[in-house]
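Here's the structure we're looking at; comments come further down.
The values are calculated or read from the model by the stated rules, or taken from the named source; none is laboratory data. Predicted model only: the values in this text are computed from it and were never measured. Reconstructed Cβ throughout: ideal geometry from the backbone, glycine too, with neighbour counts over all protein chains shown.
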Amino acid sequence: MNLSRLRKAMEESGLDAVIAASPENLNYAAGACEFLVRLQLIRERLAMAIFDKASAPTLLVVNSALPKYKRESWIQDVRAYAIDKSPIPSLVEVLGQKGLLDARVGIELNYLPVSYFQELTSLMPKATFVDSSKLWGCLRMVAEEKEIEILRYAATATRHAIEATFHLIRPGDTEKHLSDMIAHHMLIRGCDKFLWGHIGSGPDFVLQGWPRVEKRLTEGEIVHVDCGGEFQGYHSDTARMAVVGKPSDRQRQVYAAVVRAEREVIEMIRAGVKASALFHKGKAVFEEAGIPHWLYFIGHGIGTELHAPPILSADNESTLQEGTVVAIETVCTYPGEGIFHVEDAVLTTPSGPDILTGELPREELFVIE
């Protein structure tokens, strides 16, 4: 994380201090996040990175996780609170030592439990607490080199996992078997956790549906794979398609339009382009092909959060910045066929797109036979 950028954002927001507590912001700000916090398995078990305008940052963690954070975080001042106690008194102690008991403090109101917020306000009655969720989102939109390296590996590994599975799967295999194989191939390529897979086949499979145990891959049906995992706290999100047996002319035509839309949107990506312009480009390609485009966006930011700013929607007039990583996805549900969908991670540069997935989808449907 770029500390000078954070402090500039604090100055612009009128904040004396800011605290990162959610898994996505903690991992971004501190460079470390234990798995119980990352997966939110124990909601009360907070780790918090505390930043002010002048002093060195402090990282406050549960005592059982102290060795991990001392080893992995770039923050030198790492302190612990007892595992059977609330972290809030320890947080107030840190803020008091920094002279911030009556300061304007940015916290994540969309993450901190209400009980902890009530405890915090009762112990710091003179302080003003401001939601800092958008501040962190804006900071994360510009990825650092290390983040780009992780996201590139995550995107490429996920694509390779899908491709490897397509070569091994056969007609008659179940959707659940297909999903399990993709998860296996992602894990052996360094994925820390296979998070989700919208994986299915045929005309009755719905967008964001789960693989069915009993549904078998049937001749003539398209196969939809949209999946992602976590790599060192960063997400992958990739979609690819195949067909069981020889594709029909309609399947070829719809798939070609979906791939063309993604390619033309990606070709536009560079620093300074408007999010809305990317959306309208993708929609125009769909309309030219006579295919309805009903999805309200054409892509989204991706990093420590799966759907991060910016959302590439029709009414988002913000511009992409150098270093912004977006997942471009073109998708439609075609009557009688099912879901057509491709998705790739792309880094924004001043001169154009850098495709982190490594390769865009092939122009011909992969045939499972």
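Give me the residue from segment 82-102 that is part of a helix (DSSP H, G or I) and touching a residue at least 40 places away in the same chain (Cβ under 8 Å) and, out of that set, surrounded by the most Cβ atoms within 10 Å (Cβ to Cβ).
Leu91
Which residue out of Thr218, Thr238 is among the polar types (S, T, N, Q) and closer than 22 Å to His293 by Cβ?
Answer to the selection: Thr238.
For the structure I just gave you, tell me whether His198 is assigned by TED's automatic domain parsing to the domain that holds Gly338 and either in a helix (DSSP H, G or I) or touching a Lys or Arg at 6+ places or on another chain (Cβ under 7 Å) (or both).
For His198, the condition - assigned by TED's automatic domain parsing to the domain that holds Gly338 and either in a helix (DSSP H, G or I) or touching a Lys or Arg at 6+ places or on another chain (Cβ under 7 Å) (or both) - is not met.
When you go through (1) part of a loop (DSSP other than H, G, I, E, B); (2) free of Cβ contacts under 8 Å to residues at least 24 places away in the same chain; (3) in contact with an Asp or Glu (Cβ under 8 Å, 6 or more places away or on another chain); (4) not acidic (Asp, Glu) one by one for Pro361, which number turns out not to apply?
Against the list (1) part of a loop (DSSP other than H, G, I, E, B); (2) free of Cβ contacts under 8 Å to residues at least 24 places away in the same chain; (3) in contact with an Asp or Glu (Cβ under 8 Å, 6 or more places away or on another chain); (4) not acidic (Asp, Glu), Pro361 comes up short only on (2).
Which of the following residues is at pLDDT below 85, under 22 Å from the mean Cα position of the chain (by Cα) and closer than 15 Å to Leu60 by Cα: Glu44, Glu34?
The match here is Glu34.
Look through Val244, Val265 and report the one residue that is in contact with a Ser or Thr (Cβ under 9 Å, 6 or more places away or on another chain), closer than 19 Å to Asp315 by Cα, surrounded by 20 or more Cβ atoms within 10 Å (Cβ to Cβ) and among the β-branched types (Val, Ile, Thr).
Val265
Is there a residue being touching a residue at least 40 places away in the same chain (Cβ under 8 Å), crowded, with 18+ Cβ neighbours inside 10 Å and part of a strand (DSSP E or B) anywhere in segment 208-223?
Within segment 208-223 (the criterion being touching a residue at least 40 places away in the same chain (Cβ under 8 Å), crowded, with 18+ Cβ neighbours inside 10 Å and part of a strand (DSSP E or B)), the answer is yes, since at least one residue qualifies.
Okay, residues lined up against (1) over 19 Å from the mean Cα position of the chain (by Cα); (2) in the same structural domain as Asp52 (by TED's automatic domain parsing):
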position	(1), (2)
Pro87	yes, yes
Leu123	yes, yes
Asp131	yes, yes
Leu135	no, yes
Thr156	no, no
Glu163	yes, no
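Can you name the condition, by its number, that Gly299 falls short on among (1) touching a Gly at 6+ places or on another chain (Cβ under 9 Å); (2) in a helix (DSSP H, G or I); (3) small (Gly, Ala, Ser)?
Going through (1) touching a Gly at 6+ places or on another chain (Cβ under 9 Å); (2) in a helix (DSSP H, G or I); (3) small (Gly, Ala, Ser) one by one, Gly299 breaks only (2).
Being in contact with an Asp or Glu (Cβ under 6 Å, 6 or more places away or on another chain) and of a type in the set (A, V, I, L, M) is the filter; apply it to segment 62-99 and report the residue that is modelled with the highest pLDDT.
Ile88
Taking segment 163-193, which residues are basic (Lys, Arg) and modelled with pLDDT under 95?
If the condition is that a residue be basic (Lys, Arg) and modelled with pLDDT under 95, then Lys193 is the only one that fits.
Table: residues versus (1) surrounded by fewer than 16 Cβ atoms within 10 Å (Cβ to Cβ); (2) within 13 Å of Leu356 (Cα to Cα).
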{"residue": "Gln118", "(1), (2)": "yes, no"}
{"residue": "Ser122", "(1), (2)": "yes, no"}
{"residue": "Ala127", "(1), (2)": "no, no"}
{"residue": "Lys134", "(1), (2)": "yes, no"}
{"residue": "Gly137", "(1), (2)": "no, no"}
{"residue": "Arg152", "(1), (2)": "no, yes"}
{"residue": "Ala161", "(1), (2)": "no, no"}
{"residue": "Glu175", "(1), (2)": "no, no"}
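Residues checked against (1) over 23 Å from Glu12 (Cα atoms); (2) touching a Gly at 6+ places or on another chain (Cβ under 6 Å); (3) charged (D, E, K, R):
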site: Asp84; (1), (2), (3): yes, no, yes
site: Ile88; (1), (2), (3): yes, no, no
site: Leu91; (1), (2), (3): yes, no, no
site: Val94; (1), (2), (3): yes, no, no
site: Gly99; (1), (2), (3): no, no, no
site: Ser122; (1), (2), (3): yes, no, no
site: Ala127; (1), (2), (3): no, no, no
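Quick check on my filter: what residues within segment 305-355 are under 30 Å from Leu217 (Cα atoms), among the hydrophobic types (A, V, I, L, M, F, W, C) and touching a helix residue (DSSP H, G or I) at 6+ places or on another chain (Cβ under 6 Å)?
Ile328, Phe340, Val342, Ala345
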